[in-house]
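Have a look at the structure below, then the notes.
The values are calculated or read from the model by the stated rules, or taken from the named source; none is laboratory data. Keep in mind the model is a prediction, meaning the values are calculated, not measured. Neighbour counts are summed over all protein chains in view; Cβ atoms, including those assigned to glycine, are modelled from backbone coordinates with ideal geometry. These accessible areas exclude ligands, DNA and RNA; they are computed on the full protein's heavy atoms, side chains included. Shrake-Rupley method; radii C 1.70, N 1.55, O 1.52, S 1.80 Å.
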Amino acid sequence: MSNALPQTNTMLFLFQDNRIHTSKYNILTFLPINLFEQFQRVANAYFLCLLILQLIPEISSLTWFTTIVPLVLVITMTAVKDATDDFFRHKSDNQVNNRQSEVLIDSKLQNEKWMNVKVGDIIKLENNQFVAADLLLLSSSEPHGLCYVETAELDGETNLKVRQALSVTSELGADISRLARFDGPDTKLMQNSGKTKFKRTSIDRLMNTLVLWIFGFLICLGIILAIGNSIWESQIGDQFRTFLFWNEGEKSSVFSGFLTFWSYIIILNTVVPISLYVSVEVIRLGHSYFINWDRKMYYSRKATPAEARTTTLNEELGQIEYIFSDKTGTLTQNIMTFKRCSINGKIYGEVHDDLGQKMEVTQEKEPVNFSVKSQVGREFQFFDHSLLESIELGDPKVHEFLRLLTLCHTVMSEENSAGELIYQVQSPDEGALVTAARNFGFIFKSRTPETITIEELGTPVTYQLLAILDFNNTRKRMSVIVRNPEGQIKLYSKGADTILFEKLHPSNEDLLSLTSDHLSEFAGEGLRTLAIAYRDLDDKYFKEWHKMLEDANVATEERDERIAGLYEEIERDLMLLGATAVEDKLQEGVIETVTSLSLANIKIWVLTGDKQETAINIGYACNMLTDDMNDVFVIAGNTAIEVREELRKAKENLFGQNSNFSNGHVVGEKKQQLELDSVVEETVTGDYALIINGHSLAHALESDVKNDLLELACMCKTVVCCRVTPLQKAQVVELVKKYRNAVTLAIGDGANDVSMIKSAHIGVGISGQEGLQAVLASDYSFAQFRYLQRLLLVHGRWSYFRMCKFLCYFFYKNFAFTLVHFWFGFFCGFSAQTVYDQWFITLFNIVYTSLPVLAMGIFDQDVSDQNSMDCPQLYRPGQLNLLFNKRRFFICVLHGIYTSFVLFFIPYGAFYNVAGEDGQHISDYQSFAVTMATSLVIVVSVQIALDTSYWTFINHVFIWGSIAIYFSILFAMHSNGIFGIFPNQFPFVGNARHSLTQKCIWLVILLTTVASVMPVVAFRFLKVDLYPTLSDQIRQWQKAQKKAKPLRSRRTRTRRSSSRRSGYAFAHQEGYGELITSGKNMRAKIPPPTSELEKTHYNSTSWIENLCKKTTDTVSSISQDKTVKL
Amino acid sequence: MEETSQHCLSRLPDNSALKQQKLPAHRLCFTATRVLSVFFTMATFCLCMGSILIVSARSTQAIEINYTRTCANCAKLRETASNFDKECTCSIPFYLSEKMMGNVYMYYKLQGFHQNLYRYIRSRSNRQLVGKDVKAVEDCSPFKTSNNKTPIVPCGAIANSMFNDTIILSYNINSSVQIKVPMLKTGLTWWTDKYIKFQNPSFKNLADEFRGTTKPPNWPNPIYELDKKDPRNNGFLNEDFIVWMRPAAFPTFKKLYGRLNQTHHFIEGLPAGNYSFNITYNILLSVSFWIENLAVGF
């Protein structure tokens, strides 16, 4: 840091200003840059090539406007979209750039806009202000030049991080003042906001393949027609030479065929219409807006709506097979509440009924009324009055326990304007403990570096703070040494039970075993536990120790080791006080969501940095692990060989049991099991769960074991990976992505989930407590895990359904539209004469038929959202990719070819020998073109009408409107007036009037429509009637049950509202408590299932054993700071 | 913090039916009753329509006589390019066993003549044909100008290849008396073609208007001498010309040549008996002569 300072002056010119640019364009550069970017896309470039081909007169078979009009339209639309995006970026840039900060200019503090802050400026920052740039802390108003920074926008952590000014500069000023170090685009934030990997959906990839196939098909058609042309020119064309000379330089039939090939490529290019990609984008955008607008995914408490941050992945939401979920903040709320404690061998916080049986905490039970206390934190509820009674009775152990909670922590207190105490906490567990103590009358008031002032049952007491023995990952405990007003020196310690129990004084043995039991009980309920102990210190001993500590502090060599040794030295012979249990609250509706998603055959893997026991407990709490499971495999080996052995055993176990039920249910066959009777299938194969910790995972992810792991994991219903690093999270996702070829979704809330979110097909961020990083990396974000159910089962499913329908129809439409040219080729000497008017070709895709199919792609619904939620099995077709795949594509193409055949040959038959009613001829080319075009528009409109299963007024307007627009444009272009102005461009004058007044033309149109649509109707009808899919059944049921339906939905609504009425904290507790108790009761009632592994798992949770096992957890080194929440 | 509380309301999505995807809608369902009723309705309609059409088609009579073979000597003559302006006639007798009632139309039918070739169909100048600028020949390749750069009127391949056989139908009242069947050369074209799409530069003196231009290479006479009997049927407004200039969709097509003028012997139509027609042969390809009465349309 100090090096940076002198350089700043000399290198000033190298630094940019502090203006932030996230925008891409300005007014001048917009057009060239945007056009350049757009033509980098393959599709646009392709159409540009086509346009250039069309400009060559020898092969131009279509006039230039047929391509340029759609191309310009498409490019304009994209440009407008880009421009609006950039406009908003400009706006937010401006907002940031114009933020004010106080800068020292000419030795005076002046307000300056952020963008004008220069490198080397001295800035004064006040509390709760945003930081303008990367800064060097010079000094602060806090003692020792400390300052607390929130880095939510950098790494997503909302925990306050401590930064200390250099001691030299810290005396300079009273206010926080800082020196700008890096500006604008050089700041850490801008440097880190690397380009996110561009994600594509599987439909996208399929579409690209299909487009390539279509090109191949196009070239084949071109070759056939070119050969036809060569033959025709040499056989028949000769007779025509007198009427139609060959142009100069093309006097051979082969050369003519070559030119014809290109001409036909131009004509037939509409099989891959330019509007395809744009329409897909528009539809996806629409779906994204629906996600943003969904009130059922709006979290009112945080005022956060769901947000589709990427607009290109929606249909993939309907194909998810694997969900990788973070635990903290995603499944759980990351809100810690003090639930239980064990003080001196007695449990507090349990609620007993009259018979002494533990009972469920329900809302009927009165919580302890804290309202008499002055400084009661909201949302705190405790159900055991006995603790309060003990406090009032003055039980010294209880008092000491609470005092410890009040003293031993790193919480900062501050008073807000209303005079309320606000705690700034580093870890929520700690906050929960301090808040709990505060509610019981031991209020932490304030601290200075030397003292801690607390209020003990109304009397303010100031303790001298002698030392803080801070927490770290290996110590897993923290202690404070204080001198109370009586002059006694005490060491208060809290920490992981495994560690702390080793430090106890031998006299604690009885209490220890009692407390251990309590701890395992707490842990069994999924509570997070800490052991609490104290030690009375001798004054003299402490002074000696303190001196040694000071020596160690200034030591230059082995400083850390020496300090650690000293800490060890004083933290022994502790007296156990008890234990605390803090509840890690589940998010609302997690259980229902998990249940419903697994019914949808989505496998949920929990990847967490937490320890195995906690993770397993949350697994039970969320219904992911149940006692009905046939087996739970725990892989916890420390070496590669152990891990391999464990995996092998688990697999043997799995396949051994499996073969009893069904032989040969190999994973690979899963794809073929198209039946929706998942329930049956699952009971056959049985439910298994796999629990693997990060250490074993590291070995299991090695190349040769990888497949074993994957195979095993994929057979299991639930997979829990605990103690995993962010990198491992990503590795697991990559593993599944790569070898299972399945669509994956990762959901998380914190910075440690970013890698996983980025590597999964779809990343979902919880816009919750731990800041923004996950959300910024995600594709979708919302506030609650439970919204995932709606996102996938409703929005994802619909998006997939709509997109598939859209693509099917689109390919059908364009094949039907284009292939008539092919048929016509055989009658026009393969001369690349189009069937339709050039204007019709120009407008067909972008005007006449674009809106109805867009409306279908955006609004269509096969079943209602309620039904999709109620019946998760409806999600299966998406996972199996049934609605749009290569087979479906071929069916669509065949349908299109059939339609084009009918479209061409019925009018051909009719025109072969026809004459008008007044004897005048109507079998001319122009009438034929008009007849064909009209039939086509009507046929595809009828087809879209049949395809649309959800007719809103928008569909009506678009479908009828398109037909109306077709006829109005037709008549306008065939009108006398426009011919008078452009006689060469609009040669069809009077044609519409003549042709469309002939009855026989209408009969031809009718016959064409019937012949092309009726087979499809019949086929669909038979299919729905004979082989109905689940959604067909539900649609029929829906129709039949129209009256019963409101009753149903009312019932579900009442159930929900009742749980909501139960209040804030209780809404979570009900589901949670019910589950815990059910899980726990079951475990208590039913003797532990036959599986040996589970037994060992229970044993391993036994604290006594842990105590005996002196090995320190090596894995802790990989877990981050957050392991404070043990 | 104030910001978030303000956002609170504004960020709540609207509760409109559109945004919540709750638009009132009709769900399309392929129920048996619906599908079958549509099916049978369509079937009945198509059956009825079909039988009506068949009945009406039976009521029309048509005679088709191919004269290419009969006039083979003329065809042979034409094959040598140098003989294109030599006149060649042939006559074909035929017997009409039943009389033809009502309106009788005479068509010529060409087989294998590709009026729908891309270059052919584009080889015309609408600007010229509408009389605005008789020298506008840009689109008419390869028949834009003659060798000495004089613009061709009417330019283009379509005009150049115009069917110019003359067909005269005669009725043999008895073996010796032969009368010409009166044919109308009007009403052969669409109204819009005659009055909008095709216009002569002016009606005064066509020859003057077309000065500085030349006739198409295959034509024996210039455009203003197409119908020597009726001066109004000349220039771009010649009905045969207009009919020809509307290219056919398929290589086999028929075009209206004349309508029976229902006078004298022919007041009810064509009586049964012996007929013959005399052809001034020009065309190279397979040509038929086609007579049809379209009493009812269908």
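Has the stretch A:680-689 got any residue that is in a helix (DSSP H, G or I), at pLDDT below 85, open to solvent by 60 Å² or more (accessible area, probe 1.4 Å) and of a type in the set (Asp, Glu)?
No, the conditions are met nowhere in the stretch A:680-689.
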Set B:228, B:215, B:254: member being of a type in the set (Lys, Arg) and at the interface with chain A (Cβ under 10 Å from one of its Cβ atoms): B:254
Return yes or no: is residue A:60 closer than 26 Å to residue A:89 by Cβ, in contact (Cβ under 8 Å) with a residue 12 or more places away in the chain and not in a helix (DSSP H, G or I)? no
Just give me the residues in the stretch B:105-114 being more than 7 Å from chain A (Cβ to nearest Cβ) and crowded, with 17+ Cβ neighbours inside 10 Å, in sequence order. B:106, B:107, B:108, B:109, B:110, B:113
Leading residue by the ranking (farthest from the other protein chains (Cβ to nearest Cβ)) among those in the stretch B:39-65 that are surrounded by 14 or more Cβ atoms within 10 Å (Cβ to Cβ) and hydrophobic (A, V, I, L, M, F, W, C): B:65
Do you know which residues across the stretch A:924-940 are more than 14 Å from residue A:839 (Cβ to Cβ) and open to solvent by 10 Å² or more (accessible area, probe 1.4 Å)? A:925, A:938
Going through A:455, A:486 one at a time, which residue ends up being modelled with pLDDT of 85 or more, in a strand (DSSP E or B) and at negative phi? A:455
With respect to residue A:818, determine if the residue is β-branched (Val, Ile, Thr) and modelled with pLDDT of 90 or more. yes
Give, as residue ranges, the strands (runs of 3 or more DSSP E) completely inside the stretch A:92-144 that count at least 2 residues that are open to solvent by 60 Å² or more (accessible area, probe 1.4 Å). A:100-105, A:108-113
Residue satisfying all of: in the stretch A:821-839; open to solvent by less than 10 Å² (accessible area, probe 1.4 Å) and in a helix (DSSP H, G or I); nearest to the other protein chains (Cβ to nearest Cβ) among these: A:824
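Sort through B:2, B:98 and tell me the only one that's more than 8 Å from every other protein chain (Cβ to nearest Cβ), open to solvent by 90 Å² or more (accessible area, probe 1.4 Å) and modelled with pLDDT of 75 or more.
B:98
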Per-region count, the stretch A:1007-1021, residues exposed (fewer than 15 other Cβ atoms within 10 Å of the Cβ) and either more than 9 Å from chain B (Cβ to nearest Cβ) or within 35 Å of the chain's Cα centre (by Cα) (or both): 2
Of the conditions (1) open to solvent by less than 30 Å² (accessible area, probe 1.4 Å); (2) within 23 Å of residue B:145 (Cβ to Cβ); (3) part of a helix (DSSP H, G or I), residue B:192 fails just one. Which one is it? (2)
Residue pairs meeting the criteria (Cβ under 9 Å; at least 6 apart or on separate chains; first within 13 Å of chain B (Cβ to nearest Cβ), in the stretch A:967-980; second open to solvent by 50 Å² or more (accessible area, probe 1.4 Å) and of a type in the set (Lys, Arg)): A:971/A:993; A:974/A:993; A:975/A:993
Within the stretch B:115-142, residues away from chain A (no Cβ under 11 Å), of a type in the set (Val, Ile, Thr) and in contact (Cβ under 8 Å) with a residue 24 or more places away in the chain come out as B:134
Residue hits (the stretch A:505-543; surrounded by fewer than 22 Cβ atoms within 10 Å (Cβ to Cβ), touching a Lys or Arg at 6+ places or on another chain (Cβ under 8 Å) and modelled with pLDDT under 85) are A:524, A:525
Filter pass, residue A:600 being in contact with a Lys or Arg (Cβ under 8 Å, 6 or more places away or on another chain) and farther than 30 Å from residue A:492 by Cα: yes
Scan the stretch A:1019-1060 for residues that are modelled with pLDDT of 80 or more and either touching a Phe, Trp or Tyr at 6+ places or on another chain (Cβ under 7 Å) or outside any helix (DSSP H, G or I) (or both) and report the count. 6
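Table: residues versus (1) among the aliphatic types (A, V, I, L, M); (2) farther than 26 Å from residue A:347 by Cα; (3) in a strand (DSSP E or B).
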position	(1), (2), (3)
A:388	yes, no, no
A:401	no, no, no
A:419	no, yes, no
A:429	no, no, no
A:432	yes, no, no
A:445	no, yes, yes
A:475	no, yes, no
A:478	yes, no, yes
A:492	no, no, yes
Output for the stretch A:476-503, where each listed residue is open to solvent by 20 Å² or more (accessible area, probe 1.4 Å) and over 25 Å from residue A:447 (Cα atoms): A:498, A:499, A:502, A:503
Among the residues of the stretch A:493-504, write down those that are of a type outside the set (Gly, Ala, Ser) and in contact with a Lys or Arg (Cβ under 8 Å, 6 or more places away or on another chain). A:494, A:498, A:499, A:500, A:502, A:503
In the stretch A:280-329, what residues are open to solvent by 10 Å² or more (accessible area, probe 1.4 Å), part of a helix (DSSP H, G or I) and of a type in the set (Ser, Thr, Tyr)? A:289
Which members of the stretch A:736-752 meet the condition of being modelled with pLDDT of 85 or more, buried (at least 21 other Cβ atoms within 10 Å of the Cβ) and not in a strand (DSSP E or B)? A:736
